[in-house]
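Worksheet for the structure shown next.
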Amino acid sequence: MTFEVHAQGAVHVFDCFSCAIHRMAPICEHCKVSIIGQGVEADGNWFCGAHCARAEGKEGIVDRV
């Protein structure tokens, strides 16, 4: 059984959730890890957490707990 994910005008077909996650997850601009779950966005860039955002010079970014 397959399923479709519609995102940003494109249709992606997958046969398992793990494949969909790895294909669709954003990548941290600093450490290059796939962001699964909560990440932070600063100035149009995605980071896995506040630490990586600050390492790239983004100010005022904090993790939520």
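The values are calculated or read from the model by the stated rules, or taken from the named source; none is laboratory data. Since the structure is predicted, the reported quantities are computational estimates derived from the model, not experimental observations. Neighbour counts run over all protein chains shown; Cβ positions are idealised from the backbone, glycine included. The accessibility values were calculated without ligands, DNA or RNA, using every heavy atom of the protein model including side chains. Shrake-Rupley method; radii C 1.70, N 1.55, O 1.52, S 1.80 Å.
Structure values in brief
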item: Residue in region 45-55 that is assigned to a loop (DSSP other than H, G, I, E, B) and open to solvent by 60 Å² or more (accessible area, probe 1.4 Å) present; result: no
item: In region 11-65, the residues that are touching a His at 6+ places or on another chain (Cβ under 8 Å) and of a type in the set (S, T, N, Q); result: S34
item: Subset of region 5-45 [of a type in the set (F, W, Y) and at pLDDT 95 or above]; result: F14
item: In region 1-20, residue least open to solvent (accessible area, probe 1.4 Å) [restricted to those that are part of a helix (DSSP H, G or I) and in contact with a Phe, Trp or Tyr (Cβ under 9 Å, 6 or more places away or on another chain)]; result: A20
